[in-house]
1. Post the alpha-carbon centroid distance, the stretch 123-156 to the stretch 13-58, in whole angstrom.
2. Could you pull the Cα extents of the stretch 1-144 along its three principal axes, largest to smallest, in whole Å?
3. Using amide H atoms built 1.01 Å from N in the peptide plane, name the residues 5+ places from residue 46, or on other chains, whose amide H lies under 5 Å from its own.
4. For labels at residue 147 and residue 27 in the simple 7 Å Cα→Cβ model, what's the distance in nm?
5. How much length would be gained if the chain were fully extended between residue 53 and residue 39, taking 0.36 nm per residue of separation minus their Cα-Cα distance, in nm to one decimal?
Amino acid sequence: MPPLPLEPITAAEQRARQHGVAQIARLLGFVGRAEYRHIRSQAGGAQFGLADVAEEDVLIVYAEAFERDADPDDFSLEAIVAHERGHQLLARHPRLSRNLPVAWSEVSEEIVASLLGSLLVQNEKDQQELLLKALFEADKHGMEPDRATLFIMELRPFWRECYDGTDEAEHDSRGSSHGVQDAGCQAPCLV
Ligand SMILES: [Zn+2]
């Protein structure tokens with residue numbers, strides 16, 4: 001069934017959503033600009049855009065994120081933003097991606113973003129859902145559930161070791177040869 005047309009919101013609600021998005025993004029450590037757009041994106045509710053420097057990175061949260069947040073069986077706003085922050089961490093912490101075990105190279109960025117997100121959120125339901133999302137993605141890529149679980153266990157200590165919050169103020173040392181510098185994350189997330 002196609003979704004109902006998007007109801008307009010008041011200016012006050014727009015401001016409240018913008019404020020809520022900015023607050024959650026800040027709590028999850030997002031660096032850069034976080035904004036709310038009252039449109040449907042077909043991108044799962046949010047998108048991360050990688051800029052030249054972290055301070056100019058963009059997190060855009062769309063109306064679907066609030067619709068999903070209102071559904072107790074779907075992702076919360078925190079979980080959606082945490083997944084996008086996972087994309088930013090991957091892009092901004094060269095050590096995090098550089099030091100991943102060789103086998104991790106097979107794992108898509110979507111999976112790792114959800115795993116990193118699950119380590120960021122406080123709420124147990126959000127943690128579970130992001131982990132399940134990662135397992136679901138892994139399964140879709142033909143990874144055995146046991147192997148996926150092992151990857152998840154391996155990530156936690158890696159995360160602690162690599163993430164000390166210092167990388168993202170610097171330029172990404174991988175340089176433009178990496179080819180993703182200005183591309184941003186255009187892939188639909190969490191769909
Ligand atoms: Zn994603």
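FYI, it's all coordinate maths here, none of it is from the lab. Note that this is a predicted model, so its numbers are computed, not measured. Here the Cβ is made from the backbone with ideal geometry for all residues, glycine too, and neighbour counts use every protein chain on show.
1. Cα centroid to Cα centroid, the span is 25 Å.
2. Dimensions of the stretch 1-144 along the principal axes of its Cα atoms: 50, 38, 26 Å.
3. Distant-sequence amide H within range of residue 46: 62, 189.
4. Spacing of the two 7 Å Cα→Cβ label points: 3.7 nm.
5. Gain on extension, residue 53 to residue 39, equals 2.4 nm.
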